[in-house]
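Presented below is the structure to which this report refers.
What follows is calculated from the coordinates using simple rules that are stated; it is not laboratory data. The shown structure was predicted, so the numbers you read here are calculated from the model rather than taken from an experiment. Cβ: placed from backbone, ideal geometry, glycine included. Neighbour counts: every protein chain shown.
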Amino acid sequence: MKILPIIMITASLAMALSVQAYQEVTSGGLETIRGIAKINETKSAEALKRVIKDKNPIQRNYVHQPPVVPHQTRGYRVNKDSNKCLTCHGWKYARETGATKISLTHFETRDGKTLSDVSPRRYFCSQCHVTQADAPELVDNLFKPVESLGND
């Protein structure tokens, strides 16, 4: 007998919360990193950020962190047939281009077997590496780098 009032109170509370959420959404109460937007409104994209042009490698904050790319990559073709990044960063070309060689880890399979060419799981560079842009942080970052890396 005591369970019926508990069920009724729980159902009423759930209904009240869903009604409140619905009212916020239909009244345009969604707030995202891009600001407040109504559901039926399409906001225009922000202007592209300025990319840092050919700079020294940017320090990493933790072991095995993929380095960020210190140059423009817009228009680079990376698909199953070709990889523009490897024309400079591949071991065959890195010395003549002055680019950083890709890591030996990029030649290993998931099982630890070393291949003679880049592993398929490491072939699509932008899965891990991003272009460094001159842009403000979108959210506060309280991350502290590993002391042994010497970052201050």
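Overview of results
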item	result
Under-5 Å amide H pairs with residue 69, H placed in peptide plane, nonlocal only	130, 131, 132
Anisotropy class of the stretch 48-135 from Cα gyration tensor, a/c 1.5 cut	prolate
Those trypsin sites (Lys or Arg not before Pro) in the stretch 97-138 that DSSP places in a loop and that have at most 11 other beta carbons within 10 Å	110, 113
